[in-house]
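Peer 1: Quick one: the structure is below, and I'll ask about it shortly.
None of the figures in this text is laboratory data; all of them are computed from the coordinates on show. Worth saying up front: this structure is predicted, and the values here are computed from it rather than measured. Because the Cβ atoms are built from the backbone with ideal geometry, glycine has one as well, and the counts that use them run over all protein chains shown.
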Amino acid sequence: MEEFGTRAQRLGALFVLGALLFNYPILAVFNVGATVFGIPVLYAYFFVAWGGLIALMAFAAERRG
């Protein structure tokens, strides 16, 4: 049962991180007119942050102990 509590805490922390990453103050930093490899910086940030959160959630959900 302890493993479930720890896992739930990790996933809860990742939820808070995601809420912060996709909220106004952080998004305003990346809302510029520049591009990265031809992709607007804001769109690149969305995909990188989203992919990173998915990877971290998969790691937290599958991790033993």
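Peer 1: Please give the helix 2-21 orientation as an angle from the longest Cα principal axis of the chain, in degrees from 0 to 90, rounded to the nearest 10.
Peer 2: The answer is roughly 10 degrees.
Peer 1: Averaging over all projection directions, find the projected area of the Cα convex hull of the chain and quote it in nm² with one decimal place.
Peer 2: Mean projected area of the Cα convex hull: 4.7 nm².
Peer 1: Once the Cβ-Cβ distance between Val16 and Phe47 is put in as r, and R0 is 22 Å, what FRET efficiency do you end up with, to the nearest 0.05?
Peer 2: Efficiency computed from Cβ-Cβ geometry: 0.60.
Peer 1: Among the chymotrypsin sites (Phe, Trp or Tyr not before Pro) in the chain, which ones are in a DSSP loop with at most 13 other Cβ atoms within 10 Å of the Cβ? Mind listing them?
Peer 2: The qualifying sites are Phe37.
Peer 1: Against the longest alpha carbon principal axis of the chain, how many degrees, from 0 to 90 and to the nearest 10, is the axis of helix 41-62 turned?
Peer 2: 10 degrees
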